[in-house]
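Step one of this worksheet: look at the structure below.
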Amino acid sequence: MEKFSSHTGVAVPLKRSNVDTDQIIPAVYLKRVTRSGFEDGLFSAWRSDPEFVLNQPQYEGASVLVAGPDFGTGSSREHAVWALQNYGFKAVISARFADIFRGNSGKAGLVAAQVDEKVVQRIWDYLDEHPGATVTVDLESRTVSAGEGPDAIVDSFDIDDYTRWRLLEGLDDVGITLGHADVISSFESTRPSWKPVTQH
Amino acid sequence: MGKTLAEKVWDEHVVRSAEGEPDLLYIDLHLIHEVTSPQAFDGLRLAGRQVRRPDLTLATEDHNVPTIDWDKPIADPVSKTQVDTLRKNAAEFGVRLHPLGDIEQGIVHVVGPQLGLTQPGMTIVCGDSHTSTHGAFGAIAFGIGTSEVEHVLATQTLMQAKPKTMAVTVNGSLPAGVTAKDLVLTLITHTGTGGGQGYIVEYRGQAIEELSMEGRMTVCNMSIEWGAKAGMIAPDQTTFDYIEGKPEAPKGADWDAAVAHWKTLVTDPDATFDEEIVLDASTMTPFVTWGTNPGQGAPLGGVVPTPSDFEEESDRIAAEKALEYMGLEAGTPLRDVKVDTVFVGSCTNGRIEDLRLAAEIIKGHKVADGTRLLVVPGSVRVRIQAMEEGLDKIFTDAGAEWRGAGCSMCLGMNPDQLAPQERSASTSNRNFEGRQGKGGRTHLVSIPVAAATAVRGTLSSPADLEV
Ligand code: SF4
């Protein structure tokens, strides 16, 4: 997993609450056998509407999603996080995330930045005035920021310490466990000879 | 203080434990199939990682393989892609695979034990919830998600918080004609589908000790249907006899060392469980489900329940919804329920002993008009053995369809599905809405009930054939 310290990118206002995993990626897209390529299914029902925000040219290459509360409710499918990442998103800002979605995000390396509802509104207002503007998500300082000068938005976001540490270090669960490879090896060396193997 | 069986096996596999973190548990055997593994292998590839222990990993094709024309290319493109992907991944990462057409191919939970790879005291995982089956040998075995599949492939370990332990003690003996399936269905109706949540369950007591390995696997298989993390049974002479001589069983001095260790895998007399349930086997009867979860069951001799009789409001609502979906009237004797399809198979009841028992009951009878009987062996080995014993002939003479090995109608990912409103008596483990095909209605039953139902066309037990 890539290390994440701070990211600045074009931000998209997704002015909806309760965006569930079926809306993020419908079940028909789950038959794929890879962890990549899910971007075509992302918000697929909405994207068929030319007016949908992601279809606007100013948001091309967007990498920060600023969504309404209760983002990612519904099923446990990890595909929802993969779809956002495959599309190019590095962070999602919302006032509330569904537990499983937040957990899956942490595992996969997508920053789920939980902020006060007022902050989401202020960023939305800012993006309305400056479509295509960037927003910064800084994991070191746990802040989101946008704009310059006296009207600049800078506010803190919530993310649990363990997930923050793993993201900063670029460690997925597998990476963390592989950090204990020597302990695993020494455990393996004590394995009795009569335990079965599948290849001889 | 003494330890439970589960604690002994768990503690033997802790690679690392630290305050405030889950244990890092070593995995002895990782089983793989085509549906839940593709993204895990893809994750390895993206990160440039290898499979740490291909020699502790085994793959087979089961969930969506066809049970007819298996020598021809798979017709369904999605199934074909998943199967092709597994083959490609197994070749690339050096994993042993038993593909369609191979003599060791079959349902992953039938293949492990029959190869002798499933042994007491092991930790066994698979991206499939019915991995609990392997607990019948005194192993800790449970299902995992795709991220965890990747974690095990890369590290041969899993991060796991230690579950609580529960004892289910089944005293007395099962009456003649009452099987392990009836026992576990009775238990689930008793506890509800969430009763085992968070526990590793140890099944014990006289009735459990008297079960064959096949019967023990049936019980452990359905642990997940009442929410348990895993189910297990202490290994004994029945277990050792079953394993001895299997292809991957220990041999010679290794066998002696293994058995000596396996004999220590019992709950100490002074150990305590977090929870305990006691049942009496001698009062049990053939048991079937009438609803849409495995906890909605009743004795075959009873009637479809009346929703208003349930004490809890949530149970009442669930029963009303279930009866509507199932197309059943409250108060109807279960023996009057007419069945369109009987499915004999799955990792719950698709082993040789199951087929023998079914054949014994069917022999000399015909499948009822308007009913079809599908017999799907759990593995190619089971299929061959059944044919050597002439069981296939008994089934086909009675008018049954004799199929190739796989999961088949247990989950209807391949073409073996129920039509909308078609009713089945199924020896599998899940009666969820649409599980065996969109709109299909499933009654979970034991092997004897399945066989007798096929002959009479209504839910029946072998005793009904004698009148
Ligand atoms: S037979 Fe059914 S329960 Fe068993 S592994 Fe296959 S699909 Fe799952």
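The values are calculated or read from the model by the stated rules, or taken from the named source; none is laboratory data. In this text, all values refer to a predicted model and were calculated from it rather than measured experimentally. We place every Cβ from the backbone using ideal geometry, glycine too, and count neighbours over all the protein chains shown.
Considering only region A:54-84, how many residues are within 20 Å of A:F101 (Cβ to Cβ), away from chain B (no Cβ under 14 Å) and in a helix (DSSP H, G or I)? Adding up the residues that qualify gives 2.
The strands (runs of 3 or more DSSP E) falling completely within region B:196-295 that include 3 or more residues that are farther than 21 Å from B:T427 by Cα and not polar (S, T, N, Q) map to B:199-204, B:275-280.
The rows are residues; the columns are (1) charged (D, E, K, R); (2) surrounded by fewer than 16 Cβ atoms within 10 Å (Cβ to Cβ); (3) in a helix (DSSP H, G or I).
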site	(1), (2), (3)
B:K321	yes, yes, yes
B:E324	yes, yes, yes
B:E329	yes, yes, no
B:F343	no, no, no
B:C347	no, no, yes
B:E353	yes, no, yes
B:L357	no, no, yes
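Within the option set A:S141, A:S145, being more than 10 Å from chain B (Cβ to nearest Cβ) and part of a loop (DSSP other than H, G, I, E, B) holds for one residue only, A:S141.
Evaluate the following for B:A419: is it farther than 25 Å from B:N293 by Cβ, more than 16 Å from the ligand (Cβ to nearest atom) and either of a type in the set (A, V, I, L, M) or touching a strand residue (DSSP E or B) at 6+ places or on another chain (Cβ under 7 Å) (or both)? Answer is no for this residue. Taken together, A:F101, A:F89 contain a single residue that is under 23 Å from A:L42 (Cβ atoms) and touching a residue at least 40 places away in the same chain (Cβ under 8 Å), which is A:F101.
Let's see how each residue does on (1) surrounded by 13 or more Cβ atoms within 10 Å (Cβ to Cβ); (2) of a type in the set (D, E, K, R); (3) at the interface with chain B (Cβ under 8 Å from one of its Cβ atoms):
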residue	(1), (2), (3)
A:I153	yes, no, no
A:T163	yes, no, no
A:E169	yes, yes, no
A:E188	yes, yes, yes
A:V197	yes, no, yes
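Of the residues making up region A:79-92, those that are buried (at least 24 other Cβ atoms within 10 Å of the Cβ) and either at pLDDT below 85 or within 20 Å of A:E140 (Cβ to Cβ) (or both) are A:A91, A:V92. From the residues in region B:365-416 that are within 16 Å of the ligand (Cβ to nearest atom) and among the β-branched types (V, I, T), which one is nearest to B:P113 (Cα to Cα)? Among residues in region B:365-416 that are within 16 Å of the ligand (Cβ to nearest atom) and among the β-branched types (V, I, T), the one nearest to B:P113 (Cα to Cα) is B:V382. For B:L279, the criteria (1) within 14 Å of chain A (Cβ to nearest Cβ); (2) in contact with a strand residue (DSSP E or B) (Cβ under 6 Å, 6 or more places away or on another chain) hold in every case but one, which is (1). Taken as a whole, the structure leaves B:T146 outside the set of residues that are within 13 Å of chain A (Cβ to nearest Cβ) and closer than 18 Å to A:E188 by Cβ. Looking only at region B:342-360, decide whether some residue is farther than 21 Å from B:F287 by Cα and either within 16 Å of the ligand (Cβ to nearest atom) or at pLDDT 95 or above (or both). Yes, the conditions are met somewhere in region B:342-360. Out of (1) out of contact with any Asp or Glu (no Cβ under 7 Å at 6 or more places or on another chain); (2) loosely packed, with under 15 Cβ neighbours inside 10 Å; (3) more than 14 Å from chain B (Cβ to nearest Cβ), what's the single condition that is false for A:S5? In the conditions (1) out of contact with any Asp or Glu (no Cβ under 7 Å at 6 or more places or on another chain); (2) loosely packed, with under 15 Cβ neighbours inside 10 Å; (3) more than 14 Å from chain B (Cβ to nearest Cβ), A:S5 misses (1) alone.
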